[in-house]
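Encoded as structure tokens, the structure appears first; notes follow it.
The values are calculated or read from the model by the stated rules, or taken from the named source; none is laboratory data. As the structure is a prediction and not an experimental result, all values here were calculated from the model. So basically every Cβ, Gly included, is an ideal-geometry build from the backbone, and we count neighbours across all protein chains shown. Calculation scope for accessible area: heavy atoms of the full protein, side chains included, ligands and nucleic acids excluded. Shrake-Rupley method; radii C 1.70, N 1.55, O 1.52, S 1.80 Å.
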Amino acid sequence: GLVAYVDLDERAIDALREFNEEGALSVLQQFKESDLSHVQNKSAFLCGVMKTYRQREKQGSKVQESTKGPDEAKIKALLERTGYTLDVTTGQRKYGGPPPDTVYSGVQPGIGTEVFVGKIPRDLYEDELVPLFEKAGPIWDLRLMMDPLSGQNRGYAFITFCSKDAAQEAVKLCDNYEIRPGKHLGVCISVANNRLFVGSIPKNKTKENILEEFSKVTEGLVDVILYHQPDDKKKNRGFCFLEYEDHKSAAQARRRLMSGKVKVWGNVVTVEWADPVEEPDPEVMAKVKVLFVRNLATTVTEEILEKSFSEFGKLERVKKLKDYAFVHFEDRGAAVKAMNEMNGKEIEGEEIEIVLAKPPDKKRKERQAARQASRSTAYEDYYYYPPPRMPPPIRG
């Protein structure tokens with residue numbers, strides 16, 4: 001009565017056929033005893049039960065499934081109050097995504113709206129998490145990761161909010177929050193990496209060449225970030241960053257390019273995850289008075305920059321490195337005005353790009369201190385584009 005043969009897709013039926021009679025009956029018994037009240041896709045859930053059964057067999061049935069699940073009455077009350085849906089699979093419990101139209105009817109939120117929640121007690125569920133996090137703002141979805149072997153959560157979850165402001169607020173409100181006596185949550189903005197570092201690029205290739213070539217062998221490529229040699233703008237520096245539409249596309253592209261089967265311009269390229277670019281605190285950025293100026297011609301000196309920018313306001317200093325520079329203003333208003341008016345203008349025949357420089361965060365300073373031994377000259381006060389370098393051979 002729980003599920004009919006016609007409800008199952010071919011994948012689930014084929015997987016079930018691989019079991020002997022005793023195993024198949026055990027799997028179906030386990031499926032029958034599972035709480036299916038929030039399971040939307042029974043086929044996928046049955047496949048999860050079969051996978052868990054095999055893992056248990058390998059481990060000699062040592063792992064005992066927890067009998068204590070969530071308090072269904074509390075979960076039901078939460079769903080009735082909020083109008084959200086709950087979809088349960090063997091690996092995660094997904095609350096919302098999308099939320100009800102009465103809460104939010106816009107498009108799916110983008111980068112900077114997701115938080116990672118760690119150190120969650122293993123027997124804690126949505127009925128305790130949602131009331132805490134919805135104080136920060138409307139939730140798009142909450143994904144609580146589950147351990148199929150134990151039946152408890154894995155100790156972490158991802159929560160996507162409907163706006164960046166709500167996500168920032170969630171970090172302020174809930175990081176180190178004592179959710180149970182002696183149990184403090186860890187909350188930070190989650191960075192879903194959708195950027196790959198690619199080395200071994202022929203130096204005569206342009207951005208357009210690279211975009212065209214990698215679009216042939218991977219899907220979801222939206223942009224190429226390329227750095228030119230300071231003394232020869234026609235040549236790149238032998239590497240680039242590929243920006244994909246989402247993390248899934250980037251992960252698939254990385255697997256494909258690392259397989260060794262795919263060649264670009266007849267060569268196998270080196271591929272790694274790029275360091276994710278962490279978004280600085282908006283409050284910190286609102287005080288920045290330093291401009292990052294890139295794409296400078298070799299002939300541009302600090303004196304030329306000083307002359308060009310000082311007409312907008314008093315400067316503290318100018319520092320040029322390779323083909324980029326940092327211009328420090330005394331007043332933020334002057335810095336913003338200079339950025340708006342000078343961005344895209346030509347200096348010594350090259351069109352310059354200007355953005356506000358990002359102050360270094362604590363983690364970045366620690367990483368830079370570790371690299372300091374191998375780098376003699378550096379400019380650590382502000383940054384924008386990470387200094388180009390080959391990634392270490394092993395990176396997660």
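Values as computed for the structure displayed
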item: Within the accessible area of the stretch 282-356 (1.4 Å probe), percent carbon and sulfur; result: 46 percent
item: Residue-normalised accessible area of the chain, expressed per residue, 1.4 Å probe, Å²; result: 56 Å²
item: Residue-level accessible surface for TYR244, protein heavy atoms, 1.4 Å, Å²; result: 0 Å²
item: Positive-end residue of SER105, LEU28, VAL327, charge dipole of the chain with Cβ unit charges; result: VAL327
item: Selection from ALA297, GLY48, ALA357, by position along the positive dipole direction of the chain (Cβ); result: ALA297
item: Electrostatic dipole magnitude of the chain [Cβ: Lys, Arg +1; Asp, Glu -1; Cα centre; debye, to 20]; result: 1380 debye
item: Dipole magnitude of the stretch 5-59 about its Cα centre (Cβ charges: Lys, Arg +1; Asp, Glu -1), debye to nearest 20; result: 220 debye
item: With DNA, RNA and ligands ignored, accessible area of SER26 (1.4 Å probe; Å², nearest 10); result: 40 Å²
item: Positive-end residue of VAL222, ILE201, LEU242, charge dipole of the stretch 195-273 with Cβ unit charges; result: ILE201
item: Percent accessible area from carbon and sulfur atoms, the stretch 185-277, protein chains only, probe 1.4 Å; result: 48 percent
item: Residue-wise HN-Hα coupling along the stretch 223-234, computed from phi with Karplus coefficients 6.51, -1.76, 1.60 (Hz; x: Gly, Pro); result: 7, 10, 9, 10, 10, 9, 6, x, 9, 8, 5, 7
item: Residue of LYS263, LYS58, LYS135 that the Gaussian network model of the chain assigns the largest fluctuation, springs spanning Cα pairs under 10 Å; result: LYS58
item: Principal axis dimensions, the stretch 5-59 - Cα atoms, whole angstrom, descending; result: 29, 22, 15
